[in-house]
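Written below as structure tokens is the structure these notes are about.
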Amino acid sequence: MSGSRETIGKKKRIVVKIGSSSLTHGETGDMDYIRMEKLVRELSDIRNQGKEVILVTSGAIAAGKKALNCGDLCPDSGAEAMAVKQACSAVGQARLMMTYQRLFAEYNQVAAQILMTRNTIVDNLNRFNAQNTFFELLKLGAIPVVNENDTVATYEIEIGDNDTLSAIVSALVGADLLILLSDIDGLYTDDPRRNPEARFISRVDELTDELMDMGKASTGSNVGTGGMNTKLTAAKIATKSGVDMVIANSRDIGVLHRLLAGEEEGTLFVARKDENFDLPDFVEQIHKT
């Protein structure tokens, strides 16, 4: 069931991804608890409608850097940079999940943590086990909260960004809809922050080479790891796996219930299921490029 705004409200298994820049205050880098509370309230309400919900969240490293007060001390690259990143994630992921647990509990929902790396997908047994865990949690009525396992991930086993991770999760669980909450309204013909002539694209029926090339020049915020390029890669994974995807602005978290009411928000990427699409192989290709 895909292809129109009206059908979005009928989706039953929904993955929502939110990035670091949407979870933190730009001025301080501290967690934006009001926005997190609104997100949890929206997801809980979607769950109360009888739908299954999975949240893919960033924010662990940002939270850890703030807690350890090491934001300005982090080297840009090398083994030391990786060690600092992993240490910050170890502290930040615990804080992030504790916050989600408390917020979801306020709305009588049970949150479950799932941390993944690239090996979770490319290894057949790991992928099978992860899929079973997701299905069992959804059957039990829990809300899986997913992040990359940055505490152990290195370049060799990292997925790299949560746009891609959310699309992988959507493909893995056979989701009906993936919603990427970002700091931009959706897909434009160019970066609207630099080109006032850029036109908004409300619907994409096919991811052409021209569209994919449009994303390569864009970059993300200084907080997150993704830009439009990673979102288009996510769209490729999702649509080839039979999952509709929407990019929408997280400025107002209420965009979630408006989307599910069929309103024209964000950019809709229509699913075009490819029976020959091999998820583990595609993930390996991304890593090599």
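The values are calculated or read from the model by the stated rules, or taken from the named source; none is laboratory data. Every value quoted in this text rests on a predicted model; they were computed, and no experiment measured them. All Cβ positions, even for glycine, are placed from backbone atoms using ideal geometry, and neighbour counts span all protein chains on display. The area values use the complete protein model at the heavy-atom level, side chains included, leaving out ligands, DNA and RNA. Shrake-Rupley method; radii C 1.70, N 1.55, O 1.52, S 1.80 Å.
Just to be sure I understand, how many residues within the stretch 119-164 are aliphatic (A, V, I, L, M), surrounded by 14 or more Cβ atoms within 10 Å (Cβ to Cβ) and at pLDDT 95 or above? If you could, list the steps in order and put the result at the bottom.
First, the residues of the stretch 119-164 that are aliphatic (A, V, I, L, M): 121-122, 125, 130, 137-138, 140, 142-143, 145-146, 152-153, 157, 159.
From what is left, the residues that are surrounded by 14 or more Cβ atoms within 10 Å (Cβ to Cβ) are 121-122, 130, 137-138, 142-143, 145-146, 152-153, 157, 159.
Checking the rest, the ones that are also at pLDDT 95 or above come to 130, 137-138, 142-143, 145-146.
The qualifying residues number 7.
If you scan the stretch 25-74, which residues turn out to be small (G, A, S) and either assigned to a helix (DSSP H, G or I) or farther than 15 Å from Y100 by Cβ (or both)?
The first filter runs over the stretch 25-74 and keeps only residues small (G, A, S), leaving 26, 29, 44, 50, 58-60, 62-64, 67, 71.
Across the stretch 25-74, the qualifying residues are G26, G29, S44, G50, A60, A62, A63, G64, A67, G71.
Taking the stretch 229-240 as the region of interest, how many residues are within 14 Å of L178 (Cβ to Cβ), in contact with a Lys or Arg (Cβ under 8 Å, 6 or more places away or on another chain) and surrounded by fewer than 24 Cβ atoms within 10 Å (Cβ to Cβ)?
So the answer is 1.
With G59, G50 as the choices, which residue is modelled with pLDDT of 90 or more and under 30 Å from D176 (Cβ atoms)? Spell out the reasoning first.
Working: G59 fails: modelled with pLDDT of 90 or more.
The conditions single out G50.
Do we find a residue being out of contact with any strand residue (DSSP E or B) (no Cβ under 6 Å at 6 or more places or on another chain), closer than 16 Å to T120 by Cβ and not in a helix (DSSP H, G or I) anywhere in the stretch 160-183?
yes
Identify all residues within the stretch 263-289 that are under 18 Å from T208 (Cβ atoms) and not charged (D, E, K, R); write none if there are none.
If we filter the stretch 263-289 for residues that are under 18 Å from T208 (Cβ atoms), which is where we start, we get 267-274, 277, 282.
Hits for the stretch 263-289 are T267, L268, F269, V270, A271, F277, F282.
Any residue in the stretch 114-137 that is under 15 Å from T164 (Cβ atoms) and of a type in the set (S, T, Y) sitting within a Cβ distance under 9 Å of a residue that is modelled with pLDDT under 95 and open to solvent by 70 Å² or more (accessible area, probe 1.4 Å)? List the pairs, counting only those 6 or more apart or interchain.
So the pair list comes out as T117/V152.
Are any residues in the stretch 241-289 within 26 Å of R41 (Cβ to Cβ), assigned to a loop (DSSP other than H, G, I, E, B) and open to solvent by 40 Å² or more (accessible area, probe 1.4 Å), and if so, which ones?
Step one: list which residues in the stretch 241-289 are within 26 Å of R41 (Cβ to Cβ), which gives 243-268.
Of the ones still in play, those that are also assigned to a loop (DSSP other than H, G, I, E, B) are 243, 250-254, 261-266.
Matches in the stretch 241-289: R251, D252, A261, E263, E264, E265.
What residue, among those in the stretch 193-228 that are of a type in the set (V, I, T) and open to solvent by 40 Å² or more (accessible area, probe 1.4 Å), is modelled with the highest pLDDT?
We begin by selecting, within the stretch 193-228, every residue of a type in the set (V, I, T); these are 201, 204, 208, 219, 223, 225.
From what's left, open to solvent by 40 Å² or more (accessible area, probe 1.4 Å): 208, 219, 223, 225.
On the way: T208: 85, T219: 47, V223: 40, T225: 40.
Applying the filter and picking the extreme gives T208.
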